[in-house]
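What follows is one structure encoded as structure tokens, with my remarks underneath.
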Amino acid sequence: MLASTAALGIERSLTGRRWTWREGDQRLGLAIAQRGELPELLGRLLAARGVSLDTAAEFLEPTLRALLPDPSRLLDMDAACERLADAVARRERVAVFADYDVDGACSGALMVRALAQLGCAVTHYVPDRLAEGYGPNAPAIAWLADAGNSLIVCVDCGISAHDALEAARGRADVVILDHHKSESRPPAVVAAVNPNRPDCPSGLKQLCAAGVAFLAAVGTQRVLRRRGFFAAQPEPDLRDLLDLVALATVCDVVPLVGVNRALVQQGLKVLARRGRVGLAALMDVAGVRDTPSAHTLGYMLGPRINAGGRIGEPDLGLRLLIQADEVEARLMADKLDAVNRKRQEVEAGVLSAAMDMAQAQREAGHAVLFLSSEGWHPGVVGIVAGRVKERFNRPACVAGIEGGIAKGSGRSVPGLDLGSAVIAARGRRMLVAGGGHAMAAGFTIEAARLPELHAFLDERLAAAAALPDAAELAIEGTLTVRGATTEMAQQVARLAPFGAGNDEPLFALPRARIVKADRVGKDGNTIRAFVEGEDGGRLKAICFRAGEGPLAQALLTARGAPLTLVGHLRAEHWNDTVSACFAVTDAAA
């Protein structure tokens with residue numbers, strides 16, 4: 001719970017945010033520290049994250065043995081695994097139909113790899129975002145059936161594709177492995193596995209599609225084991241697929257708690273071994289030199305995988321993830337890197353205009369910022385929506401219009417379920433198509449009906465109108481420059497992986513003096529500084545995506561004047577040395 005008074009008296013920081021204290025049960029924190037023989041700081045941080053005395057050890061050392069659920073908990077999973085096992089036993093031709101984002105690419109690559117290792121002839125299909133839109137479409141499904149695929153596995157899509165999947169009836173069986181919300185009955189298929197089905201009792205709503213696909217692979221091998229299939233051949237080690245699950249879990253912004261925490265932590269260990277040729281090549285292209293982290297997945301690998309589906313070849317990311325040839329993998333990685341740079345250019349053009357529109361709508365009192373224009377590329381609207389949401393602390397939807405049809409994407413803030421609102425709009429026949437989950441959604445609509453949709457979302461998410469103009473910044477405590485040691489940074493790192501549901505701790509450095517600061521990096525958008533404290537000591541600080549705003553100007557022009565900095569204390573690895581670094585996110589004079 002956040003305290004009512006502003007932390008350190010800061011009602012409006014240089015980035016326009018109010019600082020608050022993130023409160024935890026102090027007595028519980030001390031008890032956690034004492035039982036686990038942990039530093040008191042770590043105990044307090046665990047308590048503030050809702051970790052109990054009995055679950056603290058599991059949180060710090062999450063294992064799949066303890067946390068991986070029985071796949072059978074998911075409705076329809078047993079039927080899905082039996083059908084997948086039949087396909088393996090009969091050496092059927094199987095097609096994997098995947099979405100074009102990171103979760104789709106990863107869950108698609110996972111299923112292709114898992115089934116191919118078991119002897120199936122597997123192909124894949126990723127729809128073109130512009131020509132085909134999201135999810136299965138009847139022509140593609142019919143084409144896959146006509147090509148001799150007796151089983152079609154839809155990953156990260158399909159739960160609402162009733163009409164499209166009718167094209168497979170009598171021609172191919174269909175299994176759905178999805179996680180998007182759906183308020184209607186599932187399509188008439190062999191199995192529709194989705195923890196977000198209203199009738200699924202699993203309690204696993206936090207899984208992304210790759211997590212669902214991984215459980216399907218686990219369940220399928222269990223069925224084959226029971227049938228004696230592995231008496232004649234070795235059983236593949238499914239743990240080798242966890243790098244794909246980790247990448248999708250972080251990039252799909254699902255909560256990094258429970259089983260997801262274990263999947264990401266174990267997946268990062270697999271990624272560090274660089275056994276997947278495609279991801280190794282992509283890490284090289286992205287300049288990843290340190291041990292990979294959730295930041296590596298979310299900010300360095302994910303955007304490049306996504307780029308192909310946004311403005312390039314829709315299946316390029318998936319093909320990279322299943323590529324076995326190092327030379328081909330490097331060529332693909334280079335291409336994705338180039339496409340990502342182009343995506344950034346396209347995004348910048350849309351973002352500037354969208355921000356101006358958003359400011360006007362915010363001043364007009366809209367709960368939801370709904371921005372659209374002719375010519376905006378549908379491949380970048382989701383990223384732009386995320387930037388607008390971050391800037392204004394409001395649910396944001398952004399759409400590009402072409403030929404009288406708008407294709408858009410939205411991002412929400414915690415506590416406001418955008419996916420359900422979009423599904424409700426689809427239920428009222430307002431949309432051509434649409435769906436999503438609490439924090440993100442996509443939609444297609446006739447351009448003439450955009451004002452109607454905006455009004456509907458304003459009404460459904462009216463609580464957003466009362467939100468502050470910028471998200472409050474919850475600070476865990478204060479540090480001195482001298483006290484921000486490497487040892488402390490390493491203790492904080494034990495809480496990783498950080499992301500949705502497990503925020504990286506924010507600390508304040510009161511009255512820190514910046515003795516040197518300059519811009520670094522290829523684009524000069526990173527500021528590197530060195531700070532000193534009143535108690536002495538010296539600490540490296542870094543500010544990513546600094547831009548030209550008040551925070552950047554304060555860091556560059558402070559010239560020894562004291563600032564209170566807020567940021568993350570991190571253990572920075574360089575060659576064989578480890579040092580503390582303070583990643584600045586905000587400041588106040």
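The values are calculated or read from the model by the stated rules, or taken from the named source; none is laboratory data. If you're wondering where the values come from, they're calculated on a predicted model, not measured in any experiment. Virtual Cβ from ideal backbone geometry, glycine too; neighbours counted across all protein chains shown.
Being surrounded by 19 or more Cβ atoms within 10 Å (Cβ to Cβ), in contact (Cβ under 8 Å) with a residue 24 or more places away in the chain and closer than 25 Å to E459 by Cα is the filter here; which residues of region 345-377 pass it?
Scanning region 345-377 gives A354, A358, H366, A367, V368, L369, F370, L371, S372.
Determine if region 241-252 includes at least one residue that is within 21 Å of the chain's Cα centre (by Cα) and surrounded by fewer than 20 Cβ atoms within 10 Å (Cβ to Cβ).
no
Given the criteria part of a loop (DSSP other than H, G, I, E, B), buried (at least 19 other Cβ atoms within 10 Å of the Cβ) and at pLDDT below 95, does G24 qualify?
Taking the combined requirement at face value, the residue satisfies it.
Per-residue answers, yes or no, for (1) more than 29 Å from the chain's Cα centre (by Cα); (2) over 22 Å from L8 (Cβ atoms); (3) assigned by TED's automatic domain parsing to the domain that holds A583:
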site	(1), (2), (3)
R513	yes, no, yes
K522	no, yes, yes
N525	no, yes, yes
G533	yes, no, yes
K540	no, yes, yes
Q553	yes, no, yes
A561	yes, no, yes
H568	no, no, yes
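Starting from residues that are farther than 16 Å from F97 by Cβ and β-branched (V, I, T), keep the ones in region 310-334 and report whichever is surrounded by the fewest Cβ atoms within 10 Å (Cβ to Cβ).
Among those that are farther than 16 Å from F97 by Cβ and β-branched (V, I, T), it is V327.
When you go through (1) surrounded by 24 or more Cβ atoms within 10 Å (Cβ to Cβ); (2) at pLDDT 95 or above; (3) out of contact with any strand residue (DSSP E or B) (no Cβ under 6 Å at 6 or more places or on another chain) one by one for V422, which number turns out not to apply?
(3)
Only one of (1) crowded, with 21+ Cβ neighbours inside 10 Å; (2) touching a Gly at 6+ places or on another chain (Cβ under 8 Å); (3) among the hydrophobic types (A, V, I, L, M, F, W, C); (4) without any contact (Cβ under 8 Å) to a residue 24 or more places away in the chain fails for L30. Which number is that?
(1)
Which residues, counting only those in region 101-152, are part of a loop (DSSP other than H, G, I, E, B), hydrophobic (A, V, I, L, M, F, W, C) and crowded, with 23+ Cβ neighbours inside 10 Å?
Matches in region 101-152: L118, V126.
Among A31, A114, A57, A6, which is more than 20 Å from L215 (Cβ to Cβ) and either among the hydroxyl-bearing types (S, T, Y) or in contact with a Ser or Thr (Cβ under 8 Å, 6 or more places away or on another chain) (or both)?
The unique qualifying residue is A6.
Restricting attention to region 31-56, which residues are touching a helix residue (DSSP H, G or I) at 6+ places or on another chain (Cβ under 6 Å) and not basic (K, R)?
I32, A33, G36, P39, E40, L42, G43, L46, A47, V51, L53, A56
Filtering region 57-74 down to residues that are among the aliphatic types (A, V, I, L, M) and either modelled with pLDDT under 95 or surrounded by fewer than 19 Cβ atoms within 10 Å (Cβ to Cβ) (or both), which residue is farthest from L38 (Cα to Cα)?
Only one residue fits best here, namely L68.
Consider L177 against the criteria (1) out of contact with any Ser or Thr (no Cβ under 8 Å at 6 or more places or on another chain); (2) more than 16 Å from N260 (Cα to Cα); (3) of a type outside the set (F, W, Y): it satisfies all of them except one. Which criterion is unmet?
Looking at each condition in turn, L177 falls short on (1).
Determine which member of the set R261, R304, R276 is surrounded by 20 or more Cβ atoms within 10 Å (Cβ to Cβ), charged (D, E, K, R), under 19 Å from the mean Cα position of the chain (by Cα) and within 19 Å of R319 (Cβ to Cβ).
Result of the check over R261, R304, R276: R304.
Output the strands (runs of 3 or more DSSP E) that fall wholly within region 508-583 and possess 1 or more residues being over 21 Å from A484 (Cα atoms), or say none.
Counting at least 1 such residues, we get 526-533.
Say whether the condition of being assigned by TED's automatic domain parsing to the domain that holds T564, assigned to a loop (DSSP other than H, G, I, E, B), in contact with a helix residue (DSSP H, G or I) (Cβ under 7 Å, 6 or more places away or on another chain) and among the β-branched types (V, I, T) is met by at least one residue in region 62-76.
no
Does L331 satisfy the criteria of being of a type outside the set (D, E, K, R) and more than 26 Å from A455 (Cβ to Cβ)?
So L331 fits the description; yes.
For region 464-492, which residues satisfy the criterion of being over 12 Å from L569 (Cβ atoms) and touching a Gly at 6+ places or on another chain (Cβ under 8 Å)?
A465, D469, A470, R482
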